[in-house]
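Everything on this sheet refers to the single structure shown next.
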């Protein structure tokens, strides 16, 4: 160490730390498959933070370990260390660097947030037409008066993610009304009157979910989409996305909603356009009488009746339904 | 406590108290700040075991994906009360009530706190709060999480939820009364010779803590009172079907509960600034920067609460505003971390258990702080909010941070409090177990959360089984790790090696009096002649040998 | 050692520290005010998000509360005369002014209860009445505590020499608390009553 000058060491360490950080930033494999247009935006942002974080982590932990070894008390040495009380340039340096980093991250997060559609939930331009699209929307939305209000009134705040800047002003290709209830998600397709316990969407299409909760707060989360929005009783919310990869992904409730919160899981199936059309056609054909089914008002039923009615749509086991029924009829 | 050796000579007893406290005095309404400090510490360490027991139950349930060990209702009750107890009856009373009360008068050369009776009242609000929480299990226990979001909290286990609210209001009141006391004491009760820049950094941290508690706790009280009325008196503040608004509660709750995490970490930062210089034998690096950064964290910390609500009913501008304000907190926190690392640099580091926990904390906090920055940004938080990533993050800062800090403080000040040293080999076993247990328990949680496991679940997707079992093993190691510690404390309190007045050769005022200190701390008040951390300035011969 | 125990510079042993209770009370009240601020914030959120506020069936009365406000605000001036008196060692005057303040406080409380009884709606009627009763009720409880403090001061003033021009922390604290109750009321009155006019 004596032979090699300190600046050279610093340079070598700096290069090594940078390389490790850059590598780990790209190869951490911590996040699941990307299945929406938002996912790569979030992941790139996360990877930048991982890169910076890894560098800081190695430097600080390295300094701690180095100090612990180099500056340990030697046997028989009862003296004190150097009386250094501070160093203004150094302190200014380690105030300025994090400040610059967080300002950078802050600006970057605004950009990502905007690209994700974070600034456009419940935008007026499509707020009016979202319900106009649904021909028999009074019947469809009988369990969702709030969403109807959100669509028509336009004055109510809608939370979540709206259209990304690229499709802003366009009407979504598909709108699905999502209702969270203890302990299931109900998906209603206003265009076709399909009601399902699983979410089916076509790949590459602009999908809008209008989210509400019937009883307590739930949170709609698809990890592979990197999107989450609380379903709030009394307050409308929206998530808008384009699924980019066919497959089946979990839909998870992320907000504590009661004893069986952990069991409140279903799935989203991203179909190819043809498969989606086929699914839609088969479901419409299955409907015994579309109007009849959708006109039933779930609000007037007990949970148990409601669950029994939709049981065939929800991929949960019969035992679990029994459990739920028992819960609601103590 | 009963075995406490309290032998010391106190020639005078002018205020009508005995020469020394008997064991039973510790179970009474006693106004001595040291008795109150010990009362807080012992009570909180008991509740630590209760909260820890609940954590072990939770992790045992989560060793398998299905709900097969506890009923889901009991799981949620343990989950709620684990969080509540660990925050309100363990970290807050141990760090603020315990060490704050014990150390502040000793550090600033006062004979007691400004309002001793108020201080005792503040403590005695805590045991009933604990009793209410434990008693709530008779009614099934509160099950809506420590956040108790309505409407869930209004339709689940109403009696237990009511007891829970009353318990939190009690500890909240205790916290406000304590904070009034700390602020006035530090402001007005310093020994006259102590200048502002000679106040130990722990006291600076307690100033920041107290200001935060004073400003934020009453707002929580307001929220909880509204919740109480909704549950019991038929109002509908948070009932959506009657026009109420569920998000308003979240604002009231987090306006307190985000600062609450600073309540739990700022005193610990103060402890770090005391322990590290003593055991590294170096002046603290950047006294002013550390003092001011505490106040900056306190100020900025009041305006970041919405980052807990990025996926809730939060409009876009708020999501962005609070992203930025949250990120700003990283700067003063970074200053502290770097200053402590710089304090190590060039020191003569003693590997005492107190120092090991302090350095362990430093190391954990770097990780917890970095994951905190990622969580502070709305775009990424949308994905990981309410997942195990969050659980991993806050346990890194609250266990790896606050609990490590409390351990460090116990090893550092136990000799002062009891007059006896803790056993070092046992302490090192304790440290190693805790360190390994912490990493094993809380690191995999980050991966679980990012992969798709939500928090607060009694059952989970089978794909997460392996990592969960690793976490459970880590939790068991943590459970075992407290055994050597409790044995150590109980044994050393009566049988440990005598400590002497100043076993670490530390420079702050508490080490100028006897161990344990006499009832009014000093016969003759000390005169401050130099700063609290001026190591390396004194001539060699003045330093006594370090054990 | 940071300090040295130096017998050459003798310090008074076991000295009494200065009376810090006023400072403590002010700190506490700053905190207490924020609890009311929480209620105020909730009220304002509802006010701004609900179209009809207050709803027709729960409109507020204006005359009685206005009279009550005048009584409470002027009682703050009266209690101030009381503490001014004791600072000039005029115990009799202090007792007189404090007595009048207590009476005014009692009138306020009676007026409040009368208003509750005549309004025709209760706590549970709707969101506005929830807010109305909770906020005025909590304030009323604080007035009641303030009243007890004043009565406590009057009770203690019976002992000769308990309060004089040097020791008068008790009356001073009662006064500060009374002003606090007053300030909270002014905000509350503005929010609940005056804002309904606009």
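Here are a few things to note about the model shown:
Condition check ((1) away from chain A (no Cβ under 14 Å); (2) buried (at least 24 other Cβ atoms within 10 Å of the Cβ); (3) closer than 29 Å to residue B:164 by Cα) across all residues:
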position: B:188; (1), (2), (3): yes, no, no
position: B:202; (1), (2), (3): yes, yes, no
position: B:225; (1), (2), (3): yes, no, yes
position: B:234; (1), (2), (3): yes, no, yes
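- Considered as a group, the residues in the stretch B:461-502 that are in a loop (DSSP other than H, G, I, E, B) and in contact with a helix residue (DSSP H, G or I) (Cβ under 6 Å, 6 or more places away or on another chain) include one that is surrounded by the most Cβ atoms within 10 Å (Cβ to Cβ), and that residue is B:499.
- Given (1) touching a strand residue (DSSP E or B) at 6+ places or on another chain (Cβ under 8 Å); (2) under 27 Å from residue B:531 (Cβ atoms), index of the condition residue B:313 fails: (2)
- Test: residue in the stretch B:36-47 that is touching a residue at least 60 places away in the same chain (Cβ under 8 Å), over 24 Å from residue B:205 (Cβ atoms) and surrounded by 15 or more Cβ atoms within 10 Å (Cβ to Cβ): no
- Residues of the stretch A:27-57 that turn out to be outside any helix (DSSP H, G or I) and within 9 Å of another protein chain (Cβ to nearest Cβ), as a count: 3
- Qualifying position, being facing chain A (nearest Cβ under 10 Å) and either touching a strand residue (DSSP E or B) at 6+ places or on another chain (Cβ under 8 Å) or surrounded by fewer than 20 Cβ atoms within 10 Å (Cβ to Cβ) (or both), among B:71, B:67: B:71
- Residue list for the stretch A:243-271, filter: within 7 Å of another protein chain (Cβ to nearest Cβ) and more than 14 Å from residue A:181 (Cα to Cα): A:250
- The residues of the stretch A:70-110 that are loosely packed, with under 13 Cβ neighbours inside 10 Å and over 30 Å from residue B:534 (Cα atoms), listed by number, are A:100, A:107.
- Residues of the stretch B:294-303 that are within 14 Å of chain A (Cβ to nearest Cβ) and buried (at least 23 other Cβ atoms within 10 Å of the Cβ): B:297 alone.
- Residue that is nearest to residue B:450 (Cα to Cα) [pool: residues in the stretch B:342-368 that are more than 9 Å from chain A (Cβ to nearest Cβ) and without any contact (Cβ under 8 Å) to a residue 40 or more places away in the chain]: B:368
- Candidates B:343, B:353, B:311: the one that is touching a helix residue (DSSP H, G or I) at 6+ places or on another chain (Cβ under 7 Å), crowded, with 24+ Cβ neighbours inside 10 Å and over 30 Å from residue B:502 (Cα atoms) is B:311.
- Qualifying residue in the stretch B:315-329 (condition: part of a loop (DSSP other than H, G, I, E, B) and crowded, with 22+ Cβ neighbours inside 10 Å): no
- With respect to the conditions (1) on the phi < 0 side of the Ramachandran plot; (2) part of a loop (DSSP other than H, G, I, E, B); (3) within 14 Å of chain A (Cβ to nearest Cβ), residue B:456 lacks only one, and its number is (1).
- The single condition from (1) more than 17 Å from the chain's Cα centre (by Cα); (2) part of a strand (DSSP E or B); (3) touching a residue at least 60 places away in the same chain (Cβ under 8 Å) that residue A:192 fails is (2).
- Any hit, the stretch B:372-386, residues being closer than 16 Å to residue B:290 by Cβ, under 22 Å from the mean Cα position of the chain (by Cα) and in a helix (DSSP H, G or I): no
- Residue B:334 vs. criteria without any contact (Cβ under 8 Å) to a residue 60 or more places away in the chain and facing chain A (nearest Cβ under 7 Å): yes
- Residues satisfying the criterion are absent from the stretch B:419-433 (criterion: touching a strand residue (DSSP E or B) at 6+ places or on another chain (Cβ under 9 Å), in contact (Cβ under 8 Å) with a residue 60 or more places away in the chain and assigned to a helix (DSSP H, G or I)).
- Any hit, the stretch C:69-89, residues being out of contact with any strand residue (DSSP E or B) (no Cβ under 8 Å at 6 or more places or on another chain) and not in a helix (DSSP H, G or I): yes
- Verdict on residue B:290 being within 28 Å of residue A:57 (Cα to Cα) and surrounded by fewer than 22 Cβ atoms within 10 Å (Cβ to Cβ): no
Yes/no per residue for (1) surrounded by fewer than 21 Cβ atoms within 10 Å (Cβ to Cβ); (2) assigned to a helix (DSSP H, G or I):
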position: A:204; (1), (2): yes, no
position: A:211; (1), (2): no, no
position: A:220; (1), (2): no, no
position: A:228; (1), (2): no, no
position: A:249; (1), (2): no, no
position: A:252; (1), (2): no, no
position: A:257; (1), (2): no, no
position: A:279; (1), (2): yes, yes
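- Per-region count, the stretch A:214-228, residues within 18 Å of residue A:188 (Cα to Cα) and modelled with pLDDT of 95 or more: 5
- Positions within the stretch A:230-242 being assigned to a loop (DSSP other than H, G, I, E, B) and within 7 Å of another protein chain (Cβ to nearest Cβ), in sequence order: A:233, A:234
- Condition check for residue B:313: at the interface with chain A (Cβ under 9 Å from one of its Cβ atoms) and touching a residue at least 12 places away in the same chain (Cβ under 8 Å): yes
- Condition check for residue A:148: more than 7 Å from chain B (Cβ to nearest Cβ) and either modelled with pLDDT under 50 or not in a loop (DSSP other than H, G, I, E, B) (or both): yes
- The single condition among (1) more than 8 Å from every other protein chain (Cβ to nearest Cβ); (2) part of a helix (DSSP H, G or I); (3) crowded, with 21+ Cβ neighbours inside 10 Å that residue B:439 does not satisfy is (3).
The values are calculated or read from the model by the stated rules, or taken from the named source; none is laboratory data. Computed from a prediction, not measured in an experiment: that's the story for all the values here. Cβ sites come from the backbone with ideal geometry, for glycine too, and all protein chains shown count toward neighbours.
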